[in-house]
1. Test Ala527 against the criterion of being open to solvent by 30 Å² or more (accessible area, probe 1.4 Å), farther than 30 Å from Ala577 by Cα and within 38 Å of the chain's Cα centre (by Cα), and give yes or no.
2. Is one or more of the residues making up region 435-446 within 28 Å of Leu348 (Cβ to Cβ), open to solvent by 20 Å² or more (accessible area, probe 1.4 Å), among the aliphatic types (A, V, I, L, M) and outside any loop (DSSP other than H, G, I, E, B)?
3. Please find, among Ala258, Ala294, Ala263, the residue that is in contact with an Asp or Glu (Cβ under 9 Å, 6 or more places away or on another chain), crowded, with 23+ Cβ neighbours inside 10 Å and part of a helix (DSSP H, G or I).
4. Would you check which residues across region 447-465 are assigned to a helix (DSSP H, G or I) and under 24 Å from Ala547 (Cα atoms) and list them?
5. Quick one: Gln173 ticks every box in (1) surrounded by fewer than 16 Cβ atoms within 10 Å (Cβ to Cβ); (2) assigned to a helix (DSSP H, G or I) bar one, so which box is it?
6. Can we say Gly13 is open to solvent by 60 Å² or more (accessible area, probe 1.4 Å) and modelled with pLDDT under 90?
7. If you check every pair at least six apart or on different chains, which have Cβ atoms under 9 Å apart with a residue in region 14-34 that is in contact (Cβ under 8 Å) with a residue 60 or more places away in the chain first and a residue that is part of a loop (DSSP other than H, G, I, E, B) and not aromatic (Phe, Trp, Tyr) second?
8. Go through region 94-109 and give me each residue that's open to solvent by less than 10 Å² (accessible area, probe 1.4 Å) and out of contact with any strand residue (DSSP E or B) (no Cβ under 7 Å at 6 or more places or on another chain).
Amino acid sequence: MRPDRRFSDAPPGFTPEVRWVERASELAEVLAPPAWTTARVEAWLDWADGLPADLPPDAPAALALEAADPLLAGGPDRYARRLAAWGLALGAFEDEAAARLFRGELFAALTGGFVAIGARLPFGARVAPLGGDTAAAPDAPAPEIGSRAFEAAARALRAGRGLAAGLPAGVAQRLAAIAQAVIRCEGDRAACASLEGNQALARAAHAAREAGFTDAAIAAAVTLGRAGLEVAAPADAAPPQRLTAVAPAGAVASGSDAARAAAALGWETSALTLAFAADDAARLALLDVAPRGAVSALAFQGQDGFDAEAFAAAARLAFLALDLDGLTGFLADAADAHRRRAARPVALAVAGVAELLAARGLAYDSGEGRAAAAELHALAAAEAQAVGHALGGAQALRLCAYDDPEIALRLGGATMGLAPWPGPVTLAETADGAMIRTLAEPALMAAHAAGLDPDALRLALLGHRTLAGAPGVGHEALAARGFTSHEIAAAEAALPDAADLRAAFAPAVIGAGFVADVLGAPAEALADPRFNTLAQAGFAAAEIAAADAFALGGAAADLQPALREALRPAGEIGLAARLAMLRAVEASACAPATALLVLPFDADVDAALAALGEAAAAGVRAARIVRAPAPAGFALAIPPPRAARPAPPPTERVVERFVEVERSRRKLPDRRKGYIQKASVGGHKVYLHTGEYEDGELGEIFLDMHKEGAAFRSLMNNFAVAISIGLQYGVPLDEFVDAFVFTRFEPAGEVEGNEAIRSATSILDYIFRELGVSYLGRDDLASVDPQQLNADGLGGGKADEPTPQAAARLISKGFSRGAAPDNLVFLPLAKAPGASRGADVCPACGDLALVRKGQSLICQTCGERAPQAG
C-alpha cells in the first residue's frame, strides 16, 4: 500500500529551538518545538529512550537510523525510519518510495502534535514466539469477584497498592492499629469510628501521626476499619500494579458481599478494573498487551472548522504504524505477518474529544456533544478497519477508548478515555520556566465561535490581576483598615499564583507581624491554614467574594448560557453525564471504555459500591474506582492521649497476714456477680466467666472456646470445674496463678480484646494472668500499667483526684435488680493512713469490714491491720 501525502509537504509551523532538559543523570541539550512545555518534551525523550534500533537485513540506506532528524533527540524520526524499513521488508509497502513516504508522513505527524505512540512493551508481552498460533494472551482468564482466585489476587493487590504499600512492617503496624481499633470496638459504627468517642482509636491515630503518617492516611485507615477491613501488610515481593476482574452486573446491582469487597478493594487501591461481562474482561486483557497510540482531535480544529479529511488521514497513518510496530523485529516473512495479524490486537484511541467539543461550543453533557463524539469515533474506526483490510488481516482490536497519561502528555495534556476536559483555565510555562494561569486554546476557540471578544473572556475567567478599582476590597478600603502599600503590593504580587484572595493575603505573604500587631489576630490563629486575613480586618464575605471575582476571575455566570455550558470544567460534570458519553461511543469501540468513577476523598466504601451500581445500571461495560487525593491542608482533630496515671506513693504495710482456710466447701450464693471477658489468643477465641462471693472473692470460673475440637473444649471445661472446686475449698488464687502462668503450648501468641494483656504463651497463661491482674492486683503480670486503665479499659483520670463514675458502669443493674439507681456514683477512696483511730472503715480499701481479733482490728476484705485506739 502507499500512504497519502498530507503532513510531510506542509511546513512544520515552527522553528525548533534549543532546550536544556534535566534528565535522570544529565542536563541534556535538545531541539524541540518552542510551544511545547518542558514536561511534554521530557515525555517524548522518555519514550525515545525505549525505542529499539533493529532493522531488517538489506534495509535501504535512505532509511538508516544514523541519518535521523535530531528533533526531540531523534526519537520520532528513528521510530518512523525503523517502521518504514520493516514495513518494506514485510510487504506492507509496494516499493521503497512508498516506505520513504510513510517515514516522512509519520515523522511530520509525530512532531506536529497530531499523533502520539505509547511506550513499547517488552518483546514477550506483544506476540507469541515464532511458531505460535496467536498473539500473547493472559495466562488465565480474569477472575470473578467472590471466587478464590479473586480473593488471592485481591490480597496481593492490597499488599502492593494498599495503604501500607512500600512501608516497613513495623511502621505499617502503626497504621494497621487504627483500623483494628475501629474493628474491635463494640457498639455503633459511627461512634467506633469517632476520634472523640473511641479513645483506643484516638491513641492509635496519635501514635501514627507521631510515626510520620499524614492525616489523610489516618483517615483512610479509619474508613477501612469502619468497613470491617484491616490494613494489609506490605508485600515483600514485587506486587501487581493493577487487576482486572469480572463483576456480573446483577451482583453489583444487588450490592452482594462480593461486590462490596470489590468496591472496598477499588476504593483502597484505585487499581481495580471491573468488567461486567467475561468477554469484555478478555478484551481489556488484550488491550493491556496491544500497541497503543492516539490521534489528537483538537489538532484538526481551526478557525474555519474541523478538517475531517486530515483527521482521517492521521487515523490511517497511526493505525498503520501501530500495526507494523507489533510485527517488527522477529517475523520471518510477509506470510507469517499475515498469519499473525489476524489475532494480534492494535489499540488506537482518539484524544482531546472533550477539548474539541468545547472548541465547537458544544456542552459535554448534551445530546449534540455525544453525537459529535460518536461521529468522530465512527470515522476513526472506519479508517482503521480500511487499513486493516488492506493489510490482509482482521485485528482483534482496532479503535479503543482508554486512558494513557503518558500518551496524553505527549499530545500536550489532551484528555483521553472520553473524560471531560479540566476547564478553560490552564497553566502555561513562561520563557524563564515559571507557570502562570492562562486560558486554554479550546476556550479561545469557543469564544470565537460564540462571537465573544477573547479579552472579555480573559477578564471574566482570569480577572484583572490587581485590586485597583476592585469592589469591596480595593486599595482605598484596604488602606482605611490599616494596610500599607507594602502589604498591598505583596498581596498583588502573589495574585498570579493564588487560588483566591485568602491565599494572596495569607500571613506568610503579607507578614505575620502585621496581621498580629495591626489586625489583632491571636498567635494560635495564624498557624491555621483556614485563617482569613481579610475577614480578620473586618471585610464582609460578600465584599471578599466580589473582589475575588474582580481580581482572579471565575465569573463564568456572566457568560452566554451556551458558552458557559461548553466551558464547564470536569469538576462540574456529574457521573451520569460521563457514563452517557461512554455509552454513546461504545458502538464504535473495540474494547470496553472504562468508566472512571472518581470519588471524593471523604467517600467511604458504601459510596464506592453505589457508584459501581450506577455504572452497571447505565449500561457501561467496565468501570474503575478512583479516589480523589486529600485537599490541601487536610487535618484531623485528633485529641491528645490522656496522661498516664502516676503510681501511688509507697505506704507502710504490715507484712503479717492472717489466712483462715475452712476445711468444708464454701458454697457460692445462688445469685452471684462476676464478669465476662472475651479475647483471642493466637487467633483462637476464648470466653472467661467468673463468679464471686458477696465480698468480691473469686469462687468459680467457666471457660468457653470458640470453634475448637470437642475434646479440647471438654478438657478446658472440666479444668475450669476443677479450679472452681479448689477455690471453694479454700485454695488461694495466688497458688493457681503461680502454678499456671508462663506455661507454654499452642495456641499462643498475640492477645486481642484485652487491654491489660497483650500476649500469652498459652491459653492457661492468659487466663491466670487475667485473674491475677483482676483479683490479686498482680500488676507484674500485665502488659500495660493497669493504673492507666479505667473500668472500661480506657486510660484517663488523675491519680491525685479520684474521678466519680456512674454506678451503671461498675454494677450490674440486672444483678442488683435496680437497687442501684443510675444517678448513683462510685468514688474510689485512696488509702488514708491518717484516718481517725477506732473507726470501723478500713483505711486501706475503704470497706466497712473491720473486726476485732485479739488486740487488733483486721479488715475482712483486704486483710489490712488497722491502727488501735490509744
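The values are calculated or read from the model by the stated rules, or taken from the named source; none is laboratory data. Keep in mind that what you see is a predicted model, and the values were worked out from it rather than measured. Cβ atoms come from the backbone with ideal geometry, glycine included; neighbour counts cover every protein chain shown. Keep in mind that these areas ignore ligands, DNA and RNA; they rest on the heavy atoms of the full protein, side chains included. Shrake-Rupley method; radii C 1.70, N 1.55, O 1.52, S 1.80 Å.
1. yes
2. Yes, region 435-446 contains a residue that is within 28 Å of Leu348 (Cβ to Cβ), open to solvent by 20 Å² or more (accessible area, probe 1.4 Å), among the aliphatic types (A, V, I, L, M) and outside any loop (DSSP other than H, G, I, E, B).
3. On the way: Ala258 fails: crowded, with 23+ Cβ neighbours inside 10 Å; Ala294 fails: part of a helix (DSSP H, G or I).
Going through Ala258, Ala294, Ala263 in turn, the sole match is Ala263.
4. Those that are assigned to a helix (DSSP H, G or I) and under 24 Å from Ala547 (Cα atoms): Pro454, Asp455, Ala456, Leu457, Arg458, Leu459, Ala460, Leu461, Leu462.
5. Gln173 satisfies all of (1) surrounded by fewer than 16 Cβ atoms within 10 Å (Cβ to Cβ); (2) assigned to a helix (DSSP H, G or I) except (1).
6. For Gly13, the condition - open to solvent by 60 Å² or more (accessible area, probe 1.4 Å) and modelled with pLDDT under 90 - is met.
7. From residues that are in contact (Cβ under 8 Å) with a residue 60 or more places away in the chain, the pairs are Pro33/Pro12; Pro33/Gly13; Pro33/Thr15; Pro33/Pro16; Pro33/Gly112; Pro33/Gly113.
8. Residues satisfying the conditions are Ala98, Ala99, Phe102, Glu105, Leu106.
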